[in-house]
């Protein structure tokens, strides 16, 4: 089941970043932050599931999700003022 979830998540991530959204100013470039965030938001996976998929500690995943949301927030706020 996890393998099918990984395949679906990988396909979603590829489709998301290669599609029309890839040129948006809020794109997070660092995969260590982008991938967990997209797995959570688009894939609907929990922190525990993402940790297992990426072979990381759950606390590491939660920290990366927190930082990714902050990076996204900063990009969106700076884009509003442009």
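Results, tabulated for the structure shown:
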item	result
Some residue of segment 66-81 being farther than 17 Å from residue 29 by Cα, modelled with pLDDT of 95 or more, exposed (fewer than 15 other Cβ atoms within 10 Å of the Cβ) and within 13 Å of the chain's Cα centre (by Cα)	no
Subset of segment 34-65 (residues that are in a helix (DSSP H, G or I), surrounded by 12 or more Cβ atoms within 10 Å (Cβ to Cβ) and free of Cβ contacts under 8 Å to residues at least 12 places away in the same chain)	41, 51, 58, 60, 63
Looking only at segment 14-41, and only at residues there that are farther than 20 Å from residue 63 by Cβ and under 11 Å from the mean Cα position of the chain (by Cα), the one that is modelled with the highest pLDDT	27
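The values are calculated or read from the model by the stated rules, or taken from the named source; none is laboratory data. Remember, predicted model here, so these are calculated numbers, not experimental data. Neighbour counts run over all protein chains shown; Cβ positions are idealised from the backbone, glycine included.
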